[in-house]
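**Q** Let me give you the structure first, and then I'll get to my questions.
The values are calculated or read from the model by the stated rules, or taken from the named source; none is laboratory data. Just so it is clear, the structure is predicted and the values come from calculations on it, not from any experiment. Here Cβ is always computed from backbone atoms with ideal geometry, including for glycine, and neighbour counts include all displayed protein chains. Protein only, heavy atoms only, side chains kept; ligands, DNA and RNA dropped before computing areas. Shrake-Rupley method; radii C 1.70, N 1.55, O 1.52, S 1.80 Å.
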Amino acid sequence: MLTERSPRRKALQAEFLKSDMLNTLAVPEDDRLFLPANAMAVALKEENMRGVFAACADFLRIAADFYGIEKPGIRVLAARPLRVREGWTSELFGDYAPETHHIRVWMRTAVRKQVTSFGTFLSTFCHEFCHHLDYQRFKFSDSWHTRGFYERTAVLYHHARGSAVKKLFWIKVGRGQWRIDWLRTRRGS
């Protein structure tokens, strides 16, 4: 995961920095998000798209209520779109449309059409919901991929999964961009 560079416009730089520095997220003290996340895992294992949709919608309803924001819409789609360009290929795992407050997540891989692992699906889902939080709760004019954004996403993911939050370690890669040092993050040092 690579962060974005700070915007060139001075007016947005303070907001970008605020997002970068906001590296935690309040989460419910109970298991109200774990239950729909677990339902997602079961529905994915059963390859049940309607079940995945229902679990996602339930999670979003509960999370939006907890954060005091409008519930975003959700679409659960089949195989991820594959983008092929000269020299590279990419898959789109999910996206968020701030204009419509709508999240889209794909539950199958692009090439083999296999069901996405629960961890990958939940991570993508939490990532897209955190974009919604940036606009709706934190009132950012944009939702940048900052270190703080990835930290907030990790807090939500681990809470929903019922696992311990791992400290993310960062490596500067130049010109104001950072990437997660996965080796150190996995080791915890």
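**Q** Can you list the HN-Hα couplings for the range 173-185, worked out from phi with the Karplus curve (6.51, -1.76, 1.60; θ = phi - 60°), rounded to whole Hz and with x for Gly and Pro?
**A** In residue order, the calculated couplings are 10, x, 6, x, 9, 10, 9, 6, 8, 5, 4, 5, 5 Hz.
**Q** Okay, moving on. Which value, in debye to the nearest 20, gives the size of the charge dipole of the range 27-80 about its Cα centre, when Lys and Arg are +1 and Asp and Glu are -1 at the Cβ?
**A** Rounded to the nearest 20 debye, it is 320 debye.
**Q** Under the Kirkwood approximation applied to all pairs of distinct alpha-carbon atoms, what is the hydrodynamic radius of the chain in Å?
**A** Over the chain, the inverse of the mean reciprocal pair distance is 17.4 Å.
**Q** What per residue convex hull volume, in Å³, do the alpha-carbon atoms of the range 1-100 yield?
**A** Per-residue hull volume (Cα only) is 172 Å³.
**Q** What GluC sites (Glu not before Pro) does the range 17-59 have in DSSP loop regions with at most 11 other beta carbons within 10 Å?
**A** 29, 46
**Q** Work through the residues other than residue 97 whose Cβ is under 14 Å from its Cβ and net out their charges, Lys, Arg +1 and Asp, Glu -1.
**A** That sum, taken over residues with Cβ under 14 Å, equals -4.
**Q** How much of the accessible area of the chain, probe 1.4 Å, is carbon plus sulfur, in whole percent?
**A** 51 percent
**Q** Measuring with a 1.4 Å probe in the full set of protein chains, what accessible area per residue, in whole Å², belongs to the chain?
**A** 56 Å²
**Q** Can you give me the Cα centroid spacing of the range 1-55 and the range 111-133 in angstrom?
**A** 9 Å
**Q** Compute the Rg/Rh shape ratio of the range 93-137: radius of gyration over Kirkwood radius, all on alpha-carbon atoms.
**A** Taking Rh as the inverse mean 1/r over Cα pairs, Rg/Rh reads 1.05.
**Q** For every helix of n ≥ 4 consecutive DSSP H residues, a contribution of -39,500 (n - 2.57) applies; sum these over the chain, divide by its total residues, and give [θ] at 222 nm rounded to the nearest 500 deg cm²/dmol.
**A** When only DSSP H runs of four or more count, the value is -14000 deg cm²/dmol.
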